Structure formats: C-alpha cells, structure tokens
Amino acid sequence: MKNVIDWIQQATSIVVLTGAGMSTESGIPDFRSKEGRWQQVNPLTVATVEALKSNYALFQSFYRARIQALVDVTPHNGYYILAKWQQQKRVTHIATQNVDRLHQKAGATHVSELHGNIETTRCQSCGKQYDDATRFLNEARCTCGGALRPNVVLFGEYLPEEAWEKTIQAIRHADIVFVIGTSLSVYPVNQLPSMTTGKLIYINLEPASNDQQFDATFYGKAGEILAQLDELLL
Ligand code: CNA
C-alpha cells in the first residue's frame, strides 16, 4: 500500500478503467461472479445484434429489466472518491465498460463509455437518437417505425471510436493505470492495460487469469480499497 501511495503522490496522470465489479457494491450484479447476472441469463445470447433482429421481444425484456433495475441505484463511496480524484486533477481520464452511468452520477466528467450507456436509446433502422429510454420502455417504435435499442455496445459490435481512441491515448501517456472491478475477459478492453508504460494497479474481488502484468494487486471490494487509499492520501 505504501508504494502505491508514493506512486499516486508522484503521478501527474492517472487513468482509471472500471468494469462491472465497480458497481456491485451499489447493488448492480456483474456478469461473471458467482452472484452475477451471467448465472441467470447468458448475455451472449441476448445482448447481441442477432437477438435484436430475430428475437426482439427477448431483447426488449432483457434490457427493460436492466434499465428498471437501475432506477433507484446510487453510486457508492468508491465512485465519489474517483470523482474527487478527478476534480483534484490526480485522475486525468476515466474509462468504463459499465453502462450504468454511476461515474457521472457521482460527479465525474468526460467519462469514456467504452460499451455505451443504457440510459439513452436509438433507432436500429434510421439511427435517430432519443435522450432517454421512455419510448423503449413503453414498447413503442421509432417515428420511422424502426426498432429501438439502448445505446449499449452489443456483442459483435464495434466500440465507440472516440471513446476508444481517447482511452488509448490517455493510457499510453499515463503514469498509473488503475484497473478496477473487471475480469479482463472481454475483448478488446482487456488489451488496454498492456498499452501503458506506467504503473499498473489492479483492484478486484478475485484474481484474473492475466494479472501477472500488474505492478500491484489488491484483492477485495473496490469501494473499501479506494477508501483505504484515499485515507492514506490525506
Ligand atoms: P465481469 O466479467 O462480470 O467481471 C467483474 C469482475 O469484478 C469479477 O472479476 C469480479 O470478481 C469483480 N468484482 C465483483 N464485485 C467486486 C467488488 N465489489 N470490488 C472489486 N471487484 C469486484 O465484468 P467486466 O466489466 O469485466 O465485463 C465487461 C462487461 C460486463 C461489459 O460489457 C459491461 O457492459 C458488462 N456489465 C456492466 C454492468 C454495469 O454497467 N454495471 C453490469 C453487468 C455487466
């Protein structure tokens, strides 16, 4: 812990990359833990373009449940700590695989949403954007008649180019990259940690198969470990 505090204090650019494990302490299940959503329904069969095109009812009900489950969810203390580090200019870039917008709800700005977000929607046919999910939740279609979908990146789709490029640039120039709450099993985001020449720090409940690349690892709850680090920084 002492080394990591020294690194943080000396760093001028810290990048944070988060995954679903960052949100479990706010009550949102991840995909791959024992308690994760993956155990009940396989997202590989639903969060896909194929499901959107060939089984829209299943696709719609999967995402409706996910959107509704987020209504009363609030960020935990770990999210506020990262937002504070960003305001203090310690953290220069936040990138997330999460679609829940909890970074922004805790006050973080300019978050690169590598897998999009679940709050806004668009038409799969004409591309028209909707600022919220009301129409989608009401099972209405786009004004053009096309099917609506959340602005998430489905399996098999490309990542948003701007978010991806900004994140690569930030990671290449970072002194430290914090990788938090991700199993690092989803391509291409799992390639990002190896792109830095800075220190790599992993915070996760359990080891990942490729975590020998990290300079420091903390196995435990993200919110608790961030709180310990933050306390030592005061
Ligand atoms: P994942 O594969 O489910 O991995 C999550 C990791 O977090 C696991 O290794 C867990 O051990 C770990 N973890 C769980 N709880 C904690 C905790 N409290 N503190 C620290 N670590 C913890 O999820 P990834 O993000 O790696 O996979 C990427 C997918 C999951 C993306 O496509 C996301 O969109 C998708 N996802 C997002 C959300 C969300 O937006 N909150 C929820 C579920 C899935």
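Tabulated data
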{"quantity": "Straight-distance crosslink candidates among aspartates and glutamates, where the alpha carbon sits under 12 Å from residue 199 and sequence neighbours closer than 8 are dropped", "calculated": "6, 175, 215"}
{"quantity": "Other-chain or far-sequence residues with amide H under 5 Å of residue 200's (modelled H)", "calculated": "177, 215, 216"}
{"quantity": "Which of 197, 154, 207, positive extreme of dipole for the chain (C-beta unit charges)", "calculated": "154"}
{"quantity": "Per residue accessible area in Å² of the chain, where ligands, DNA and RNA are left out and the probe is 1.4 Å", "calculated": "49"}
{"quantity": "Summed residue charge, Cβ within 10 Å of residue 148's Cβ, Lys/Arg positive, Asp/Glu negative", "calculated": "+4"}
{"quantity": "Low-density loop positions, trypsin sites (Lys or Arg not before Pro), the stretch 43-98 - DSSP coil, at most 16 other Cβ in 10 Å", "calculated": "89"}
{"quantity": "Mean Kyte hydropathy of -1.0 or more with a Cα span along the axis of at least 18 Å, helices from DSSP in the chain", "calculated": "56-69"}
{"quantity": "DSSP-defined beta bridges in the chain - what % are antiparallel, rounded to 5", "calculated": "20"}
{"quantity": "Accessible area (Å², 1.4 Å probe, nearest 10) - residue 200", "calculated": "10"}
{"quantity": "For the stretch 49-105: rounded, prolate or oblate by the Cα gyration tensor [a/c cutoff 1.5]", "calculated": "oblate"}
{"quantity": "Per-pair calculated FRET efficiency, R0 = 35 Å: residue 158 and residue 65 via Cβ, rounded to 0.05", "calculated": "0.85"}
{"quantity": "Gain upon complete extension [residue 147, residue 10; 0.36 nm per residue less C-alpha separation]", "calculated": "44.3 nm"}
{"quantity": "Residue of 163, 140, 216 that the Gaussian network model of the chain assigns the largest fluctuation, springs spanning Cα pairs under 10 Å", "calculated": "140"}
{"quantity": "Sequence-separation-based contact order of the stretch 1-144, relative, with Cα cut under 8 Å and 6+ spacing, percent", "calculated": "22"}
{"quantity": "Helical mean residue ellipticity (222 nm; -39500 (n - 2.57) per DSSP H run of 4+; nearest 500) of the chain", "calculated": "-9000 deg cm²/dmol"}
{"quantity": "Dipole of the chain, positive end: most advanced residue of 138, 17, 75 [Cβ charges, Cα centre]", "calculated": "138"}
{"quantity": "Reach of residue 105 by Cα under 24 Å, taken over lysines that are not fewer than 8 positions away in the same chain", "calculated": "84, 89, 166, 221"}
{"quantity": "Most mobile listed residue (19, 107, 145) in the chain, GNM with C-alpha springs under 10 Å", "calculated": "145"}
{"quantity": "Relative contact order (%) - the stretch 105-234, alpha-carbon pairs under 8 angstrom, separation at least six", "calculated": "17"}
{"quantity": "Centroid-to-centroid separation of the stretch 51-109 and the stretch 179-213 [C-alpha atoms, Å]", "calculated": "19"}
{"quantity": "Modelled FRET efficiency - R0 22 Å, residue 110 with residue 88, Cβ distances, 0.05 increments", "calculated": "0.90"}
{"quantity": "Residue 54-residue 166 FRET efficiency (beta carbon distance; Förster radius 35 Å; 0.05 resolution)", "calculated": "0.55"}
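The values are calculated or read from the model by the stated rules, or taken from the named source; none is laboratory data. Note that this is a predicted model, so its numbers are computed, not measured. Cβ atoms come from the backbone with ideal geometry, glycine included; neighbour counts cover every protein chain shown. Calculation scope for accessible area: heavy atoms of the full protein, side chains included, ligands and nucleic acids excluded. Shrake-Rupley method; radii C 1.70, N 1.55, O 1.52, S 1.80 Å.
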